[in-house]
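Engineer: Let me give you the structure first, and then I'll get to my questions.
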Amino acid sequence: MELRIDKLLAHMGYGTRKEVKKLLKSGAVKVDGAAVHDAKTKVRPDEQAVTVWGETVEYKPFIYLMMNKPPGVISATEDAVEETVVDLLEEEDRLFAPFPVGRLDKDTEGLLLLTNDGQLAHQLLAPKKHVPKTYFAVIDGEVTDDDVAAFRRGVVLDDGYETKPAELVVLKSGPRSDVEVTITEGKFHQVKRMFQAVGKRVVYLKRVQMGPLSLDPDLAAGEYRELTDEEVERLKQYRADEKKGT
């Protein structure tokens, strides 16, 4: 695969395109030992040795980002009207063309994975994988043991669809209840519709876990970071049946 040298270096975190051009002009960038000054120069990073000030550029084709999605932003790569999660990324990260893995509703907060690794995204989203997703929710109404049992059986949504069993944990019960709910599918507005099916309303919703990946508590709403190598490896190796010990 051939890439422009300025695009490659921006991808690898050596600055914006403008800053990379300054690097090139300074003679700091070499390809196979020869200085490169033209930003349009094409290189094959998987075959050629690229260095900056003598430091080898480790090429990586994929990017993996964990975002704490804020409310009011949509889970899409682009939109003519609404602000998207990709709009929140720095330019050098947008150059990788990442996309959100799955969707969170516009008013829902929390863990969102963005990547350009289509194979991993498919592994996490394919219905047969049954990757669990856990949400913290505030419910208008008292959540009872009957609700816990109903979620464990699966509830019938407003369109007649019967959900797969879900785990509902009551953290605080009262006129306004705090709960955690774990589902293994991703129907449209599913958590909200499940509570609607038992006569209650979700007033706040935040995803806190997806498979083996938990939301970093240090990320404020709208912030994101790259996944660690260990987190990426856990995602790649993850199988829902691992949790069952099979």
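Engineer: Could you check how much of the accessible area of the stretch 74-136 is carbon and sulfur, as a whole percent, using a 1.4 Å probe? Can you show the working numbers first?
Structural biologist: Values: 1390 of 2980 Å².
So the carbon and sulfur contribution to the accessible surface is 47 percent.
Engineer: If I build a Gaussian network model for the chain, linking alpha-carbon pairs within less than 10 angstrom, which residue out of 226, 90, 185 has the largest mean-square fluctuation?
Structural biologist: Highest fluctuation of the listed residues: 90.
Engineer: Something else about it: Match the structure shown to one of the listed values [x] 71, 42, 31; [y] 45, 42, 35; [z] 64, 42, 37 of Cα extents along the principal axes in Å, computed from it, and give that label.
Structural biologist: [x]
Engineer: Something else now. Over the stretch 1-78, with the other protein chains present, what is the accessible area per residue in square angstrom, probe 1.4 angstrom?
Structural biologist: Solvent-accessible surface per residue comes out at 53 Å².
Engineer: Once every DSSP H run of n ≥ 4 in the chain is given -39500 (n - 2.57) and the sum is divided by its residues, what mean residue ellipticity at 222 nm do you get, rounded to the nearest 500 deg cm²/dmol?
Structural biologist: Working: 7 runs with 55 residues, N = 246.
Calculated mean residue ellipticity at 222 nm is -6000 deg cm²/dmol.
Engineer: Compute the relative contact order of the stretch 49-175 as a whole-number percentage, counting only Cα pairs closer than 8 Å that sit 6 or more residues apart in sequence. All intermediate terms of the calculation are to be shown ahead of the outcome.
Structural biologist: Working: 161 pairs, mean separation 24.3, N = 127.
Computed over the stretch 49-175, the figure is 19 percent.
Engineer: Cα axis of helix 17-26 to longest principal axis of the chain: angle in degrees, 0 to 90, nearest 10?
Structural biologist: Taking Cα atoms only, the helix is inclined about 30 degrees.
Engineer: Filter the GluC sites (Glu not before Pro) in the stretch 13-80 down to the DSSP loop ones having no more than 13 other Cβ atoms within 10 Å, then list what survives.
Structural biologist: Passing both the DSSP loop test and the Cβ count: 47, 58, 78.
Engineer: Under the Karplus relation 6.51 cos²θ - 1.76 cosθ + 1.60, θ = phi - 60°, what is the ordered set of whole-Hz ³J(HN,Hα) values for the stretch 212-224, x standing for Gly and Pro?
Structural biologist: For the stretch 212-224, the Karplus-derived couplings read x, 9, 9, 4, 5, x, 7, 8, 6, 4, x, 8, 8 Hz, x marking Gly and Pro.
The values are calculated or read from the model by the stated rules, or taken from the named source; none is laboratory data. What you see is a predicted model, and the numbers here were worked out from it, not measured in a lab. Every residue, glycine as well, gets a Cβ built from its backbone with ideal geometry; the counts of neighbours run over all protein chains shown. Just so you know, the surface numbers come from the protein's heavy atoms only, side chains and all, with ligands and any DNA or RNA stripped out. Shrake-Rupley method; radii C 1.70, N 1.55, O 1.52, S 1.80 Å.
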